[in-house]
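Each reported figure results from applying straightforward, stated rules to the coordinates on display, with no laboratory input. The structure displayed is predicted, hence computed values, not measured ones. Heads up, the Cβs are rebuilt from the backbone with ideal geometry, glycines too, and the neighbour counts pull from every protein chain shown.
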Amino acid sequence: MRKSMFAWLLLCMIMAALPAQADIMSDLHLMKDQMRKMQEKMDKMEAELQAAKKDKAAVPEDASQREISPLAQFKQAAPAQLASTTRSDANVFNPQISFILNGGYRAFTQNPARFSVPGFALGDASGLGDRGLGINESEMNFASNVDNSFFASATLSLAPQGGLAVEEAFVQTLGLPGGVTIKGGRFFSGIGYINQFHPHHDDFIDRSLANRVFLNNIFGGDGLQARWLAPTETFFELGGEVLRGDRYPGGGAALRGAGAWDIFAKMGGDVGFSNSWLAGISWLGTKSVARESFDNNGVVSGTFDGDNRLIIGSLVWKWAPQGNPVDRNFKLQSEVFHGREKGAFTDAAGLRGLYTNNHWGGYAEAVYQFTQGWDVGVRHSMVVANNAGSAVLPGSVLDSAGIHPNRTSFVLGYANSEFSRFRLQYSLDKSQAVSDHQLALQYIILIGAHGGHQF
Amino acid sequence: MRTWIKLCLMFVAMQGSAWQAQAAIHVFACEPEWAALVGELGGGDVSVYTATSALQDPHHIQARPSLIARMRGSDLVIATGAQLEIGWLPILLRQSANPAIQPGKAGYFEAAAFVRMLEVPTSMDRIQGDVHPGGNPHIQTDPRNILRVAAAINQRLQQLDATHANEYQQRFIDFSDRWQAALQRWQMMAAPLRGVKIIAYHKGWAYMLNWLGIQAVGIIEPVAGVSPGAAHLAELLAGQKSDPAAMVIYAAYQDDKASDWLGQRTGIPVVKLPFSVGGTDKSGDLFALYDDTIHRLLKALNR
């Protein structure tokens with residue numbers, strides 16, 4: 001089934017690219033003609049330039065001289081502009097460099113070290129961090145066009161306890177025909193909606209319970225991504241990735257280091273001037289070999305061997321009066337997850353049993369910026385565990401104990417400028433049998449040159 | 001289900017073929033003034049998509065899916081440049097998977113490269129807000145710049161579509177004649193505005209002030225991208241006593257609250273200017289843009 005789908009995809013891509021090929025011959029003739037004309041034009045311009053040079057000496061450089069014909073001014077203005085942008089130092093080739101600092105304060109009524117979601121074997125990054133004051137990972141980003149064909153970006157993260165990690169480091173094509181873009185290296189996966197963004201882009205201090213449970217906060221890895229953008233007025237994009245598969249929900253870099261693969265389709269557009277939307281569906285498959293799951297103290301709670309399938313549906317709707325989000329805007333965002341796993345689970349005591357699951361989850365959030373700089377938001381997130389097999393023992397990690405884990409968060413955000421943001425967030429966390437009231441304060445500071453974000 | 005997906009893909013692929021087969025140059029204009037200009041110069045040989053409206057802040061546009069899709073099918077992108085679109089255009093270019101319109105190619109055009117830039121900063125520090133290293137990018141507020149950009153767009157259109165070179169040249173000469181006449185008309189109309197003092201919402205008007213000889217004695221939002229504080233507004237009120245301005249001006253896309261407040265406190269008129277084509281009811285084309293701008297300024301002056 002998968003093979004034949006890919007064959008069809010390829011056929012369609014070729015069809016879309018064909019007309020461009022057919023035009024090449026006529027283009028060549030045109031180019032010849034064009035070059036001849038340009039030569040004539042250049043000769044003429046040279047003569048004009050000589051004349052203009054003489055003019056320039058006679059006309060004073062005063063902006064209030066409104067009697068000059070604008071065309072004559074055009075001739076004068078061009079050299080002035082060139083002079084101001086000419087630099088000879090190698091510095092101008094530096095990539096754009098930015099640093100993102102963030103940190104804050106967290107308070108929990110329950111001990112965060114005991115965080116768990118009954119019925120789920122969690123990855124190592126699904127928890128919420130420690131109590132009290134502290135900084136989070138600082139991010140350093142370098143991005144630039146490499147040459148006329150490639151763009152590259154590297155994001156390094158500095159953990160507060162020390163150490164440098166490569167969060168993303170990828171190169172992406174700019175010049176492929178037919179609407180195809182290929183990206184390679186280490187990157188955040190394009191599945192779902194929010195997964196591909198760095199956390200400083202988010203409207204809440206942390207990711208939803210569903211993102212943390214199903215994707216271990218953020219899913220990514222080392223691999224290759226191909227995307228095809230349809231030549232239509234409505235945005236339609238197809239993409240696929242092959243990744244190493246050493247990250248949750250995969251594990252162990254199975255299949256000789258190609259243990260995760262996914263495809264996604266995204267569609268989007270505008271409704272009038274004020275509304276825009278983006279919808280997507282993604283399918284992720286991973287094969288796990290001895291994938292470890294953890295409790296919130298970093299202690300291994302078990303290992304899983306088998307197959308994982310995850311489907312994510314996503315929808316984002318943004319509103320801004322007349323399409324101008326500066327003063328007021330509204331954003332509605334939701335993702336739904338359905339995951340299935342089949343294999344064997346070995347618990348911390350070494351007891352191995354058969355295991356299948358059929359998990360559901362999702363979140364919905366709404367954020368409203370009511371005046372420039374200030375926004376409020378609410379998010380509800382939930383996950384549902386369905387476990388079966390001989391590994392599911394009462395009282396074990398896989399025992400959901402009839403609990404329906406969910407979490408509701410309220411956020412108030414303030415931005416002094418687009419480079420400095422502050423947030424206050426309250427969450428009622430019912431991931432476990434006892435409710436946890438959580439309060440968090442956060443700052444995000446951006447220094448240097450940082451490009452804008454995707455929709 | 002599978003057949004359905006296949007049919008969908010076939011349809012999408014075929015729609016693409018049909019679109020490419022059309023003759024006209026597809027132009028993606030980042031701002032309405034360039035859309036109007038390329039419409040004048042390209043006539044029926046171009047089909048123009050306008051990425052933003054005059055009611056949107058061109059600094060803050062979201063890289064919406066619709067913009068990416070439109071850029072994918074474009075042959076020519078016309079931007080203002082000078083980092084005006086720095087927050088969104090680079091993402092669109094990168095996501096568009098369109099090699100023809102990448103910077104450096106003939107399909108990418110920056111208007112600011114063809115005019116003399118004003119307010120080029122000598123020092124760069126974000127304490128001044130989100131400054132533009134290349135100078136003030138709002139070059140369209142001076143109609144003399146429009147003609148300079150028109151000459152450059154004309155050349156680019158002829159380069160991209162040599163078969164219609166004569167038509168482009170003809171339209172340019174025609175536009176240039178009409179524009180020269182209009183420039184003389186505007187100059188006479190705007191003569192009373194020379195030397196008038198104003199307070200502007202943000203530093204978006206440098207080129208217009210230079211053109212009409214108007215003097216800005218105060219800026220409501222002095223730090224670009226940061227809302228004005230109460231202390232600064234009080235300062236403006238105090239300044240009004242020593243060096244009085246005749247009016248407050250702001251662009252159609254800007255919030256009118258601070259401008260209105262200042263106008264009420266000082267008793268001087270508050271003028272909304274179109275800033276770009278379509279910013280007001282009477283600024284439907286390039287000529288009307290400057291007609292309406294001067295009319296509004298004169299009306300406030302004579303009140």
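Things to note:
- Counting Cβ atoms of other protein chains within 10 Å of each residue's Cβ and taking the mean over peptide B:81-88 gives 2.
- Distance between the stretch B:28-50 and the stretch B:123-177 - C-alpha centres, whole angstrom: 12 Å
- Distance from the stretch A:197-270 to the stretch B:218-232 (C-alpha centre basis), Å: 41 Å
- Here the stretch B:140-276 is treated with +1 on each Lys and Arg Cβ and -1 on each Asp and Glu Cβ, and its dipole about the Cα centre works out to around 280 debye.
- Ranked list, fewest to most other Cβ atoms within 10 Å of each Cβ, for A:371, B:50: A:371, B:50
- Adding -39500 (n - 2.57) for every DSSP H run of four residues or longer, then dividing by how many residues chain B holds, sets the calculated 222 nm ellipticity at -14000 deg cm²/dmol.
- Loop sites in the stretch A:225-276: GluC sites (Glu not before Pro), DSSP, at most 13 other Cβ within 10 Å: none
- Three-way shape call for the stretch A:330-416 based on the alpha-carbon gyration tensor, with the a/c threshold at 1.5: prolate
- For A:173-179, mean number of other protein chain Cβ atoms within 10 Å: 5
- Taking every alpha-carbon pair under 8 Å whose residues sit at least 6 apart, the stretch B:190-301 reaches a relative contact order of 23 percent.
- Of the trypsin sites (Lys or Arg not before Pro) found in the stretch B:176-235, the ones in coil according to DSSP and having at most 14 other Cβ atoms within 10 Å of their Cβ are B:194.
- Arranged from fewest to most other beta-carbon atoms within 10 Å of their beta carbon, A:447, A:312, B:268, B:127 become B:127, A:447, B:268, A:312.
- Of B:277, B:131, the sequence from fewest to most neighbouring Cβ atoms within 10 angstrom is B:131, B:277.
- Mean partner shielding of peptide B:290-298, defined as the number of other chain Cβ atoms within 10 Å of each residue Cβ, is 0.
- Compactness of the stretch A:300-381 is given as radius of gyration and Dmax, 20.3, 61 Å, from Cα positions.
- Qualifying chymotrypsin sites (Phe, Trp or Tyr not before Pro) for the stretch A:187-260 [loop in DSSP, other Cβ within 10 Å: at most 16]: A:197
- Projecting the Cα atoms of B:277, B:196, B:250 onto the charge dipole of the stretch B:190-301, computed from C-beta unit charges around the Cα centre, puts B:196 farthest toward the positive end.
- About the Cα centre, charge dipole magnitude for the stretch B:23-185 (Lys/Arg +1, Asp/Glu -1 at Cβ), debye: 180 debye
- In sequence order, the stretch A:426-436 has phi-based couplings of 10, 10, 9, 9, 10, 5, 10, 4, 9, 6, 10 Hz under the Karplus curve 6.51 cos²θ - 1.76 cosθ + 1.60, θ = phi - 60°, and Gly or Pro positions carry x.
- Charge dipole of chain B about the Cα centre (unit charges at C-beta), most positive-ward option of B:210, B:129, B:176: B:129
- Cα gyration tensor category, rounded, prolate or oblate, for the stretch B:90-224 with a/c compared to 1.5: oblate
- For the stretch A:97-448, with +1 on Lys and Arg beta carbons and -1 on Asp and Glu, the positive-most of A:101, A:344, A:112 along the dipole: A:344
- Shape of the stretch B:23-185, Cα gyration tensor, a/c cut at 1.5: oblate
- Relative contact order of the stretch A:97-448, defined on C-alpha pairs under 8 angstrom at six or more residues apart (%): 16 percent
- Cα centroid of the stretch A:337-385 to Cα centroid of the stretch A:115-137, whole Å: 13 Å
- Distant-in-sequence amide H partners of residue A:329 (H built 1.01 Å from N, under 5 Å): A:369
- Entry note, chain B: relative contact order of 16 percent, from Cα contacts under 8 Å with a spacing of 6+ residues.
- Structure note, pairs B:241/B:272; A:287/A:318; B:203/B:241: Cα-Cα distances above 30 angstrom occur for A:287/A:318.
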